[in-house]
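Scroll down for the structure; my scribbles are underneath it.
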Amino acid sequence: MATFLPIAPVGEGQAWLLSCAPDPAAVQQAWDSGQLAAIPSGPYWRVAQVELSRSLDALGRLGSTPVGPILTDIYSSTAWWFLSLDLTDQLDDIAGLTVHPVGWALECPPVTHSLGGRWWLAIPDGTGRLTDPTMLAAALGPGGYRQEARDPE
């Protein structure tokens, strides 16, 4: 089954990401200068860090299940999933996954293009949609969640 990621409106996604920054003007200035911009997690989202290849596998397992933004770094082979703030212990037993604390700063490129080896695997869509941590845990866990197992044809 092929993974389909709908194209999100880039302008709305960029505006949403900027609205999550404590100083949107400083973030925009960094991007205009060709630099990554540090945007801290919280108060809008949490960040789960996973190896890129595992993230790609999980995304394939999720199929058409909606996900929130996923930022990747090709040089470090890392992916960061944006999760809801009400995250509790859903991801505690997932080996190789790190949930960063609220306030942890993620170096982000603009939504419009890659920068410094970082690119959006799933761009913010402007709605504030985030990945459901329970679905991510199932997709990364033993056996892995599969869309077709949940939604029979």
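Sorting 84, 19 by solvent-accessible area of protein heavy atoms yields 19, 84, largest first, with a 1.4 Å probe.
For the peptides 95-102, 36-43, residues were scored by their other Cβ atoms within 10 Å and the scores averaged per peptide; the highest-first order is 36-43, 95-102. Taking the simple approach of a point 7 Å from Cα along Cα-to-Cβ for both residue 64 and residue 100, what is their distance in nm? Each label point is offset 7 Å from its Cα along the Cβ direction, giving 3.3 nm. For the residues 44, 75, a 1.4 Å probe over the protein chains yields an accessible-area ranking, largest first, of 75, 44.
Would you mind calculating the gained length between residue 12 and residue 38 on full extension (0.36 nm times residue separation, minus the Cα-Cα distance), in nm to one decimal?
On the way: separation 26, 0.36 × 26 = 9.36 nm, distance 1.94 nm.
Gain on extension, residue 12 to residue 38, equals 7.4 nm.
For the chain, the dipole from Cβ point charges (+1 on Lys and Arg, -1 on Asp and Glu) about the Cα centre works out to 140 debye, to the nearest 20.
Under 5 Å from the amide H of residue 46 lie the amide H atoms of 83, 84, 85, each residue being 5 or more positions distant or on a separate chain, with H modelled from the backbone and absent for Pro and chain starts.
At a probe radius of 1.4 angstrom, the accessible area of segment 9-153 per residue rounds to 47 square angstrom. The portion of the accessible surface of the chain made up by carbon and sulfur, rounded to a whole percent, is 54 (1.4 Å probe; DNA, RNA and ligands excluded). At 37 °C and 0.692 mPa s, grab the translational diffusion coefficient of the chain from Stokes-Einstein with a Kirkwood Rh over Cα pairs, rounded to a whole number in µm² per second. The estimated diffusion coefficient comes to 209 µm²/s. Report summary: the helix-based calculation at 222 nm, which adds -39500 (n - 2.57) for every DSSP H run with n ≥ 4 and divides by the residues of the chain, gives -7500 deg cm²/dmol. Solvent-accessible surface (1.4 Å probe) assigned to residue 74 amounts to roughly 90 Å².
The values are calculated or read from the model by the stated rules, or taken from the named source; none is laboratory data. This one's a predicted model, so the numbers in the text were calculated from it and none came from an experiment. Neighbour counts run over all protein chains shown; Cβ positions are idealised from the backbone, glycine included. Only protein heavy atoms, including side chains, enter the accessible area calculation; ligands, DNA and RNA are left aside. Shrake-Rupley method; radii C 1.70, N 1.55, O 1.52, S 1.80 Å.
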